[in-house]
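A short write-up of the structure that comes next.
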Amino acid sequence: MVYKELNQQTLEDIKRYFQDRDYMVIAVPRLEALRVYTVRATKSVQTATRIHGLDKESAQALGSLLVSALLLTSSLKHATNQKVLVKLNLQDGVMVAEADATGKVRGFVEGSLQRPWTGTLTVVKELRLGTPYTSIVPIVSDNLKDNLLYYFEQSEQVKTALDIFVDFDQEGVVRTASGYLVQVLGGAEEESIRFVEEIIKRTINMHARPEDMACDMLEGKEPRLIGLKEVEYYCPCNEEIARSTLFLLEEEELEEIFSEGPAEVVCKFCGRIYRFTKDML
């Protein structure tokens, strides 16, 4: 494993390089078999809020889900196009976030997010095995953090500490969107498990930069940096992808659509509108 001591010089280098951009830090202690992921996604959540025209409550919910999807990429191979999709199926609405191992994230909200939440949480991971890993668990709380912890307990059975944080300034603009995930690795000894349990009880400054959060959690354990990646809200949709969705329709359906004018395909993730005439298809 290639690593760099997470010392003062490294902290300064990270701050200087990323400045106010979104990014993720991956760190480990020198001895314990565990890994720490910390992320700042403020600008990404601001972009999602603007694209979808979200009110404060919806922005908080979708922002939390976007941060969650980024944290769940922890099990993907670093810097690949493998993806994680997280979906909340609620009684009157749905919320989706998708992130890949390079730090690109996107999401959307449909319908109502009225509480109390009932429904299911679905996690789909595109791993190297060819068949996506899918897990569905019941929603146990109105708090997304509680539902994710339940998912880890039931589906991955890995000792996990995590938190997700989205807050707003006085004008209602997203001020901070951040999160962390701490997990023990295979073969971890009891000391590593106890450490994660201690993290669960601690109060972490969620306004801090990701590298500072990691150092705080690993204080006294000789933290080492093993990964960095920039995070951004990004949607790869294009005309060809939009066109291909129309070919999923029956010919009679297409004829009915074209009888009223050009067909429109709207991307749920970014709001782009693609228009096709019959001749274009």
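The values are calculated or read from the model by the stated rules, or taken from the named source; none is laboratory data. Please read these numbers as outputs of a predicted model, since none were measured by experiment. Methodologically, a virtual Cβ is constructed for each residue, glycine included, from the backbone with ideal geometry; neighbour enumeration extends over all protein chains shown.
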Positions within the stretch 5-39 being in contact (Cβ under 8 Å) with a residue 12 or more places away in the chain, more than 21 Å from T73 (Cβ to Cβ) and of a type in the set (K, R), in sequence order: K15, R30
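Condition first: β-branched (V, I, T) and either at pLDDT below 95 or within 18 Å of E110 (Cα to Cα) (or both). Now tell me which residues in the stretch 44-72 satisfy that.
Taking the stretch 44-72 and keeping what is β-branched (V, I, T), we get 45, 47, 49, 51, 67.
V45, T47, T49, I51 - these are the residues of the stretch 44-72 that are β-branched (V, I, T) and either at pLDDT below 95 or within 18 Å of E110 (Cα to Cα) (or both).
Could you grab me the full set of residues in the stretch 138-155 that are closer than 14 Å to K125 by Cβ and buried (at least 16 other Cβ atoms within 10 Å of the Cβ)? Please lay out each step first, then the result.
Our first condition is that a residue be closer than 14 Å to K125 by Cβ; within the stretch 138-155, this holds for 148, 151-152, 155.
Selection gives L148, Y151, F152.
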Any hit, the stretch 74-89, residues being in contact (Cβ under 8 Å) with a residue 60 or more places away in the chain and crowded, with 17+ Cβ neighbours inside 10 Å: yes
Within the stretch 113-126, tally of residues that are outside any loop (DSSP other than H, G, I, E, B), at negative phi and either at pLDDT 95 or above or surrounded by fewer than 18 Cβ atoms within 10 Å (Cβ to Cβ) (or both): 5
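Here is a check on your reading of the model: is E239 farther than 24 Å from S64 by Cα, of a type in the set (D, E) and in contact with a strand residue (DSSP E or B) (Cβ under 9 Å, 6 or more places away or on another chain)?
Answer is yes for this residue.
Residues A188, A242, A214: which one is modelled with pLDDT of 95 or more and aliphatic (A, V, I, L, M)?
Values: A188 fails: modelled with pLDDT of 95 or more; A242 fails: modelled with pLDDT of 95 or more.
A214 is the lone residue from the list that is modelled with pLDDT of 95 or more and aliphatic (A, V, I, L, M).
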Residue among F269, F276, F258 that alone is touching a Gly at 6+ places or on another chain (Cβ under 9 Å), closer than 30 Å to F108 by Cβ, of a type in the set (F, W, Y) and surrounded by 11 or more Cβ atoms within 10 Å (Cβ to Cβ): F269
Of residues in the stretch 90-112 being touching an Asp or Glu at 6+ places or on another chain (Cβ under 7 Å) and part of a loop (DSSP other than H, G, I, E, B), the one surrounded by the most Cβ atoms within 10 Å (Cβ to Cβ): G103
Pair list, Cβ under 9 Å, 6 or more apart: the stretch 119-132 residue outside the structural domain of N147 (by TED's automatic domain parsing), other residue modelled with pLDDT of 75 or more: none
The stretch 164-179: number of residues that are crowded, with 18+ Cβ neighbours inside 10 Å and touching a helix residue (DSSP H, G or I) at 6+ places or on another chain (Cβ under 6 Å): 5
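Going through I241, I226 one at a time, which residue ends up being in contact with a Phe, Trp or Tyr (Cβ under 9 Å, 6 or more places away or on another chain) and free of Cβ contacts under 8 Å to residues at least 24 places away in the same chain? Steps first, answer last, please.
Working: I226 fails: free of Cβ contacts under 8 Å to residues at least 24 places away in the same chain.
The conditions single out I241.
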Filter result for the condition that a residue is of a type outside the set (G, A, S), assigned by TED's automatic domain parsing to the domain that holds S178 and touching a Leu at 6+ places or on another chain (Cβ under 6 Å), over V67, V94, V28, V105: V105
